[in-house]
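Step one of this worksheet: look at the structure below.
The values are calculated or read from the model by the stated rules, or taken from the named source; none is laboratory data. Here the structure is a predicted model, which is why all the values come from computation and not from measurement. Cβ coordinates were reconstructed from backbone atoms using ideal geometry, including for glycine residues, and neighbour counts include every protein chain displayed.
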Amino acid sequence: MLIFAARRIFQAIPILFGVSLVVFGLVHIVPGNPIDLLMPPEASPAVIAQMKKAFGFDQPLYMQYLLWLGRALRGDFGLSVFNAAPVWGQLVTALGNTFVLAILAAVLGFSLGTVLGVSGAMFHGRWPDKLFSAIATTGVSLPHYWCAIVLVLMCAVLHDWLPAQGMGDDSLPLYDRLQFLILPVVTLSLIPMGVIGRLVRATVLEIFGQEFVGALTAKGLTRWPVIRHVCKNAAPPVLALMGLQFGYLLGGSILVETVFNWPGSGNLLNLAIFRRDIPVLQATILVLASFFVVLNLLVDIAQAAIDPRIRR
């Protein structure tokens with residue numbers, strides 16, 4: 001097991017290096033310079049050159065990359081071009097807010113998806129299976145931003161049930177602050193619920209058709225112990241998809257955070273794109289992509305721990 005984990009960690013290192021190279025290169029493909037956008041038209045060439053030197057934009061691209069990568073490995077992403085604040089401080093605050101949404105949405109979506117999938121497989125071909133499958137398909141098919149807008153319209157505009165935007169003030173009681181989480185968490189949980197539900201249903205149905213299930217039944221095991229064995233065999237592919245979906249929740253929440261004005265990494269990334277704030281843009285994409293790689297690594301190790309056949 002330790003050899004497998006060490007091999008997977010070693011394989012992840014060049015992936016992370018490639019991610020950093022792609023992140024740095026993509027934001028420099030767009031023509032123009034963020035300093036040129038921020039400086040007033042009457043600024044003298046000397047002032048513009050001084051600003052470019054201060055942010056390192058006067059260096060060749062390969063030198064900019066090496067300097068940026070060296071600082072990034074130490075956790076130093078420089079200063080924001082827009083407000084001259086440390087990028088790391090802004091990013092940590094935004095990531096903390098995004099993790100709150102992502103973890104709650106993952107717990108809700110994965111739990112409902114697993115229940116829907118297992119229940120649909122147990123009632124295969126009957127009306128509960130069709131109902132659960134319809135719910136899962138609806139969750140996959142509806143776009144995040146459309147669901148967010150509809151929920152805001154129904155729960156905040158037409159009926160004053162829940163707050164529409166923001167995350168509340170620290171001075172508010174805990175119950176009032178939790179109300180700000182309900183709409184974005186429900187919106188983010190819909191797609192993971194549908195994706196996990198469909199995979200769990202298909203995997204459990206496939207395993208129910210295998211010979212060892214009939215052997216367990218012939219030995220006299222009741223229905224629930226058999227289902228427990230089936231779920232254990234269905235766990236590896238489901239775990240892999242859960243890891244991917246959690247990564248999507250971290251990186252794909254930009255539209256949902258924008259609709260609900262949630263101060264997370266997606267909202268920060270959206271602002272950085274419009275402001276051409278390259279340091280913030282690079283740091284946010286790199287950290288989110290690194291989380292995605294690390295999540296896949298942890299999922300692979302967890303799969304190998306559950307199913308020894310994967311280590312071979």
Residue selected from region 141-168 under the condition assigned to a helix (DSSP H, G or I) and not hydrophobic (A, V, I, L, M, F, W, C), by the criterion surrounded by the most Cβ atoms within 10 Å (Cβ to Cβ): HIS144
Can you go through LEU172, LEU221, LEU183 and tell me which one is outside any helix (DSSP H, G or I) and either modelled with pLDDT of 85 or more or more than 30 Å from MET154 (Cα to Cα) (or both)? LEU221
Subset of region 53-77 [modelled with pLDDT of 75 or more, surrounded by 13 or more Cβ atoms within 10 Å (Cβ to Cβ), in a helix (DSSP H, G or I) and not aliphatic (A, V, I, L, M)]: GLN64, TYR65, TRP68, ARG71
Within region 95-116, track down each residue that is buried (at least 23 other Cβ atoms within 10 Å of the Cβ) and either polar (S, T, N, Q) or not assigned by TED's automatic domain parsing to the domain that holds GLY266 (or both). THR98
